[in-house]
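Participant: This is the structure I have questions about; it appears just below.
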Amino acid sequence: MGRMWRTRILLAILLGLVFCGTAPARAATGFQTKFPKNFLWGVATSGFQSEGSFPDSNWTRYARSGAGKAQPYGLSADFLHQYPADIQRAKALGVKVFRTSIEWARVEPRKGYRDPKALAYYDDLVRRIRAAGMRPMLTLDHWVYPGWVADQGAWDNPQTVKDWLAEAQFVVQRYRHLGVTWITFNEPSAYMIEEFEHRTMTLAQLANMRSALISAHRQAYDMIHRIDPGTMVTSNTAYTSLLNIPSEALVFDSIADKMDFIGIDYYYGASLGNLSTINAGTGQPWKADPEPEGLYYVLKSYQRRFPDLPMYVVENGMSTDDGKPRPDGYTRSDHLKDHVYWMQRALADGVKVIGYNYWSITDNYEWGSYEPRFGLYTVNTTDPKRTRHPTDAVPTYRSIIANGGVPKGYVPVRKPAWCSVEDLVATCLGITPIYPAP
Ligand code: BGC
């Protein structure tokens, strides 16, 4: 080993010791922090994934043709008819935010024709969310567009950005002044990857889609602020661990100056001993071994990058294999508590985290399959009534919300991994945070 390397290692150890000395003091005073009363606890779903009985769209076509091995879609969780009771379920949890999407394909099934039945449904949905004392978080595009848009070449055709903006403007106009938080595109980088896989596109088409999403978001951001002043607008980003830098280079980096908060979807972390997150990309997300502490590092790192913006965990959740218990015994309730614990520690360390949505209120169509189940309430697609069955995370979420977080002294079920990709410096050197909390 050369002299230079020895000096570097020595320096790293010294730095580690310096930080080690400061961490306990910060953690000990800070960790008693509870989430404030106005913290935005929420639940999330998307129209296409949960509604069922869906009109012609890119995704109903993929499901029909089996593109990318997509399975049939059918009734999904029948949210289209069961939304009043699902909204009541959310209310009973104590959440303040209900996130779903207003589906373009349902609202405008033929170019220029807006379906009055679809509008009556979405009007009633938004009305009920508000009547239940919750704030609607509405996604304008959760990866689904009408069949006629697919026929005109989807994002390859410059007309699509114009049509998309006209639809977005129509929706924002309709639901303005109702305290809506607006999401333009759900996880634009993941949207591109899904389209790449199911629509099958060339790299040139992928580049077209990238420019289209960037341009549409930038214009929509300004338009929404014009029509619905005082609202918050973003496009939530899918945190992708090992691949986060290239993934953000796709769209996030080009629109980050037009965001009112950083919306993070955190599902999977990775570490030297755990690369199981790869399973999430191969359609078996239940095989990904959760790393809840990653949420702490991710929140801190986005806050460092965007010191002036608040952070909001727009999605977080865990999949099981068709509702079967995980082989390691880790339950949905454990998963929820552990993530809230680490989010609470981030808050204690000064991260301006303002909200958290659980994905999802019920099981739904997981982009080609009903096998991965993310629901707080589980739903069997073999059951014609699509009855909702509460999982163990339902009482857990209720008590977390009622008590402003996990109780003092809570020790996460999952031990933090060594050398986590989410912050190599801190976790390889064991700098921070203290585990379990003092
Ligand atoms: C998407 C959801 C999806 C969830 C679980 C997120 O990336 O926004 O539509 O169901 O992850 O995989």
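Participant: Among (1) under 26 Å from THR231 (Cβ atoms); (2) buried (at least 23 other Cβ atoms within 10 Å of the Cβ); (3) of a type in the set (D, E, K, R); (4) away from the ligand (no atom under 16 Å from the Cβ), which single condition is GLU315 missing?
Facilitator: For GLU315, the failing item is (4).
Participant: Right, next: How many residues are closer than 20 Å to VAL149 by Cβ and out of contact with any helix residue (DSSP H, G or I) (no Cβ under 8 Å at 6 or more places or on another chain) if we restrict to the range 95-116? Give the steps one after another, and end with the answer.
Facilitator: So the first thing to find is which residues in the range 95-116 are closer than 20 Å to VAL149 by Cβ, and the list is 101-115.
The next check asks that each one be out of contact with any helix residue (DSSP H, G or I) (no Cβ under 8 Å at 6 or more places or on another chain); those that pass are 112-113.
Summing the residues that are closer than 20 Å to VAL149 by Cβ and out of contact with any helix residue (DSSP H, G or I) (no Cβ under 8 Å at 6 or more places or on another chain) in the range 95-116 gives 2.
Participant: Please tell me if ASP321 is within 16 Å of the ligand (Cβ to nearest atom) and at pLDDT 95 or above.
Facilitator: Yes, satisfied.
Participant: A further question follows. For the range 299-316, does any single residue satisfy the condition of being within 17 Å of the chain's Cα centre (by Cα) and of a type in the set (Ser, Thr, Tyr)?
Facilitator: yes
Participant: For the range 117-127, state whether one or more residues are assigned to a loop (DSSP other than H, G, I, E, B), surrounded by fewer than 17 Cβ atoms within 10 Å (Cβ to Cβ) and away from the ligand (no atom under 16 Å from the Cβ).
Facilitator: no
Participant: Of the conditions (1) surrounded by fewer than 21 Cβ atoms within 10 Å (Cβ to Cβ); (2) more than 16 Å from the ligand (Cβ to nearest atom), LEU347 fails just one. Which one is it?
Facilitator: (1)
For every residue, the table says whether it meets (1) surrounded by fewer than 23 Cβ atoms within 10 Å (Cβ to Cβ); (2) among the aliphatic types (A, V, I, L, M); (3) modelled with pLDDT of 95 or more.
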position	(1), (2), (3)
GLY230	yes, no, yes
THR237	no, no, yes
SER247	yes, no, yes
ILE255	yes, yes, yes
ALA270	no, yes, yes
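Participant: How do the pairs read when you match residues in the range 95-120 that are polar (S, T, N, Q) with residues anywhere that are not in a strand (DSSP E or B), using Cβ under 6 Å and keeping only pairs 6 or more apart or on different chains?
Facilitator: THR100/THR45; THR100/GLY47; SER101/SER46; SER101/GLY47; SER101/HIS142
Participant: Still on this structure: Of the residues that sit in the range 366-395 and are within 16 Å of the ligand (Cβ to nearest atom) and aliphatic (A, V, I, L, M), which one is farthest from SER57 (Cα to Cα)?
Facilitator: Filtering the range 366-395 for residues that are within 16 Å of the ligand (Cβ to nearest atom) and aliphatic (A, V, I, L, M), the one farthest from SER57 (Cα to Cα) comes out as ALA393.
Participant: If ILE87 satisfies every condition in (1) modelled with pLDDT of 95 or more; (2) part of a helix (DSSP H, G or I); (3) more than 20 Å from the chain's Cα centre (by Cα) but one, which is the exception?
Facilitator: Unmet for ILE87, out of (1) modelled with pLDDT of 95 or more; (2) part of a helix (DSSP H, G or I); (3) more than 20 Å from the chain's Cα centre (by Cα): (3).
Participant: With the condition kept exactly as written, say whether any residue in the range 289-296 is of a type outside the set (Phe, Trp, Tyr), more than 16 Å from VAL406 (Cβ to Cβ) and assigned to a strand (DSSP E or B).
Facilitator: Scanning the range 289-296, I find no residue that is of a type outside the set (Phe, Trp, Tyr), more than 16 Å from VAL406 (Cβ to Cβ) and assigned to a strand (DSSP E or B), so the answer is no.
Participant: Name the one entry in VAL353, VAL379 that is farther than 21 Å from ASP265 by Cα and surrounded by 21 or more Cβ atoms within 10 Å (Cβ to Cβ).
Facilitator: Matching residue, one of VAL353, VAL379: VAL379.
Participant: For the range 379-421, what are the residues that are touching a Gly at 6+ places or on another chain (Cβ under 7 Å) and of a type in the set (Gly, Ala, Ser)?
Facilitator: Matches in the range 379-421: ALA402, ALA417, SER420.
Participant: Just to be sure, is THR320 surrounded by fewer than 24 Cβ atoms within 10 Å (Cβ to Cβ) and touching an Asp or Glu at 6+ places or on another chain (Cβ under 8 Å)? It would help to see each step written out before you state the result.
Facilitator: Details: surrounded by fewer than 24 Cβ atoms within 10 Å (Cβ to Cβ): yes; touching an Asp or Glu at 6+ places or on another chain (Cβ under 8 Å): no.
It is false that THR320 is surrounded by fewer than 24 Cβ atoms within 10 Å (Cβ to Cβ) and touching an Asp or Glu at 6+ places or on another chain (Cβ under 8 Å).
Participant: I'd like to check something: does the range 359-366 contain any residue that is aromatic (Phe, Trp, Tyr), more than 27 Å from PRO416 (Cα to Cα), surrounded by fewer than 24 Cβ atoms within 10 Å (Cβ to Cβ) and in contact (Cβ under 8 Å) with a residue 40 or more places away in the chain?
Facilitator: Within the range 359-366, not a single residue is aromatic (Phe, Trp, Tyr), more than 27 Å from PRO416 (Cα to Cα), surrounded by fewer than 24 Cβ atoms within 10 Å (Cβ to Cβ) and in contact (Cβ under 8 Å) with a residue 40 or more places away in the chain.
Participant: Looking only at the range 410-438, count every residue that is of a type in the set (Gly, Ala, Ser) and under 17 Å from HIS335 (Cα atoms) and tell me the total.
Facilitator: 1
Participant: Something else about it: Residues being in contact with a Phe, Trp or Tyr (Cβ under 8 Å, 6 or more places away or on another chain), among the hydrophobic types (A, V, I, L, M, F, W, C) and not in a loop (DSSP other than H, G, I, E, B): count how many of those fall in the range 358-391.
Facilitator: Matching residues across the range 358-391 total 1.
Participant: Now for a different question. I'm trying to understand the selection: among the residues of the range 45-101, which are within 15 Å of the ligand (Cβ to nearest atom), over 21 Å from GLY355 (Cα atoms) and not small (Gly, Ala, Ser)?
Facilitator: PHE48, GLN49, GLU51, PHE54, ASN58, TRP59, TYR62, GLN71, TYR73, PHE79
Participant: Of these, THR396, THR427, which one is in a helix (DSSP H, G or I), modelled with pLDDT under 95 and polar (S, T, N, Q)? Working first, answer last.
Facilitator: On the way: THR396 fails: modelled with pLDDT under 95.
One residue alone meets the criteria, THR427.
Participant: For the range 153-171, does any single residue satisfy the condition of being closer than 21 Å to GLY230 by Cβ and touching a Lys or Arg at 6+ places or on another chain (Cβ under 9 Å)?
Facilitator: Yes.
Participant: Looking at the range 329-341, which of its residues are within 15 Å of the ligand (Cβ to nearest atom) and more than 22 Å from LYS408 (Cβ to Cβ)?
Facilitator: Hit for the range 329-341 is ARG332, nothing else.
Matching residues to (1) within 14 Å of the ligand (Cβ to nearest atom); (2) closer than 30 Å to GLY68 by Cα; (3) not aromatic (Phe, Trp, Tyr):
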position	(1), (2), (3)
GLY273	no, no, yes
THR277	yes, yes, yes
LYS287	yes, yes, yes
GLN303	no, no, yes
PRO327	no, yes, yes
MET343	no, no, yes
VAL353	no, no, yes
ASN364	yes, yes, yes
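The values are calculated or read from the model by the stated rules, or taken from the named source; none is laboratory data. Note that this is a predicted model, so its numbers are computed, not measured. In this analysis, Cβ positions are derived from the backbone assuming ideal geometry, glycine residues included, and neighbour counts consider all displayed protein chains.
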